Amino acid sequence: MKTISILGSTGSIGNQALAVVSAHQGMFRIYGLTANRQVKTLAEQARIYKPAKVVIAAPELYRDLKALCRDLPVEVAAGPDAISELAADSRHELVLNALVGFAGLAPTLAALKSGRTVALANKESLVAGGHLVMPLTTNKKKANLLPVDSEHSAIFQCLQGEREAEVENIILTASGGPFWGYSAVELQKVTPEEALRHPNWSMGAKISIDSATMMNKGLEVIEAHWLFSLPYEKIKVIIQRESIIHSMVTFRDGAVLAQLGVPDMQVPIQYALTYPHRKPCRAPRLDWEAIESLHFSPPDIKNFPCLQLAYEAGKIGGSLPCAMNAANEEAVRLFLNGDIGFLSIARIIEAVMNKHKLIKLPDFAALQEVDREARHLAQEFAKREGIIKC
Ligand code: MG
């Protein structure tokens, strides 16, 4: 029996993780669950999975959660600090971090510092604070940072039993998102509703927009740089329209290993939860006879500049990826709100990156400040962009 906690249990990854837990009765015990604002769903989950602790990120919802859980033997807490406190709790072995955005960094650091294993679905932890996270993951034999992102899980699976020194490069696959093949003119008119309709994967709102702008792949390039300690020159991106190849590793003898499967997050989530073992999984199987062909093409950096911006931010490093990430979070929020057009997202990120004053080795407090400032700057630029809504 493995005791686990899920940060962000009411989101897409959180729900699918709980489905994995339900499918393997007797294998997992849930210690803690957290949600951002969805008190009702969190209380329902508490009723089913009987955690010892539930935390709601929004402090103003504490009373509501407390009331909904009044007949349950569960400790109720609220606020971001309570989430980090839960992450560091010694009563669970593994923490699945499925939070969205920069908010995920503090709990990742807290969990690793207290010797917990982290199954990481929050890529922003590594994008903003990879230099703070990675020194806490020194024990290579007993991996204590397990990727949940499908591409990184694929690479992690391809690397099992291999030597990192023998890797020539890694190839992250991208679906291209819902707007692949669109011209700049067409992209000007796309709506949040259209952007949320991903062709292959079912995901939360923020990552769906990131996927449409290709910033998701950019964040994943930085995530891969930290996870697999590879220079950016060795991290390639290729469009794989069907999302059947989840990523690949080229070794120095020219051999390429790939991990394939239907696009279903249950597989990488479960692999992180049961690692180093593989357990039965209900996810559908690939129907080989129905796959007529697989399509590959290079990413379109002209119409989807976010990928290039992320490479730049990653290569320069320091506080720049954190600023880029904050600008992106803010721009995505504004786009979802209908305040700015789709093409303004990349323009806002680039403007914030150009204005950013680089800090070479920022500590956590400095990153918090960078995050705050970059969001503020993004809003300033957005005000300007909003006037000429495109
Ligand atoms: Mg991914």
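The values are calculated or read from the model by the stated rules, or taken from the named source; none is laboratory data. Note that the coordinates shown come from a computational prediction; the quantities given were computed from them, not determined experimentally. Please note: Cβ atoms are built from the backbone with ideal geometry, for glycine as well, and neighbour counts cover all protein chains shown.
Is one or more of the residues making up region 29-49 crowded, with 20+ Cβ neighbours inside 10 Å, in contact with a Cys (Cβ under 7 Å, 6 or more places away or on another chain) and over 22 Å from Thr117 (Cβ atoms)?
Yes, some residue in region 29-49 is crowded, with 20+ Cβ neighbours inside 10 Å, in contact with a Cys (Cβ under 7 Å, 6 or more places away or on another chain) and over 22 Å from Thr117 (Cβ atoms).
Which of (1) crowded, with 17+ Cβ neighbours inside 10 Å; (2) under 27 Å from Gln259 (Cα atoms) does Ala87 not meet, given it meets every other one?
Only one criterion in (1) crowded, with 17+ Cβ neighbours inside 10 Å; (2) under 27 Å from Gln259 (Cα atoms) is unmet by Ala87, namely (2).
Among the helices (runs of 4 or more DSSP H) confined wholly to region 23-120, which include 2 or more residues that are more than 27 Å from Pro276 (Cβ to Cβ)?
39-49, 62-68, 80-87
Considering only residues that are part of a helix (DSSP H, G or I) and either free of Cβ contacts under 8 Å to residues at least 40 places away in the same chain or over 12 Å from the mean Cα position of the chain (by Cα) (or both), which ones fall in region 129-152?
Correct list: Gly129, Gly130, His131, Leu132, Val133, Met134, Pro135, Leu136.
Say whether the condition of being surrounded by 13 or more Cβ atoms within 10 Å (Cβ to Cβ), within 30 Å of Arg347 (Cα to Cα), out of contact with any strand residue (DSSP E or B) (no Cβ under 6 Å at 6 or more places or on another chain) and modelled with pLDDT under 95 is met by at least one residue in region 219-241.
yes
Within region 216-240, track down each residue that is under 16 Å from Gly181 (Cα atoms) and either among the aliphatic types (A, V, I, L, M) or more than 15 Å from the ligand (Cβ to nearest atom) (or both).
The answer is Ile238, Ile239.
Here are some residues: Gln266, Gln259. Which one is under 20 Å from the mean Cα position of the chain (by Cα) and either buried (at least 22 other Cβ atoms within 10 Å of the Cβ) or within 13 Å of the ligand (Cβ to nearest atom) (or both)?
Gln259
Could you list, in sequence order, all residues of region 191-215 that are in a helix (DSSP H, G or I) and within 11 Å of the ligand (Cβ to nearest atom)?
Selection gives Ile207, Asp210, Ser211.
Residue-wise test of (1) modelled with pLDDT of 95 or more; (2) surrounded by fewer than 24 Cβ atoms within 10 Å (Cβ to Cβ); (3) assigned by TED's automatic domain parsing to the domain that holds Lys189.
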site	(1), (2), (3)
Ile301	no, yes, yes
Gly314	yes, no, yes
Ala327	yes, no, yes
Ala331	yes, no, yes
Leu334	yes, yes, yes
Ile349	yes, no, yes
Leu361	yes, yes, yes
Ala366	yes, yes, yes
His376	yes, yes, yes
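Tell me, which residue of region 133-174 that is more than 16 Å from the ligand (Cβ to nearest atom) and of a type in the set (Ser, Thr, Tyr) is surrounded by the most Cβ atoms within 10 Å (Cβ to Cβ)?
Thr137
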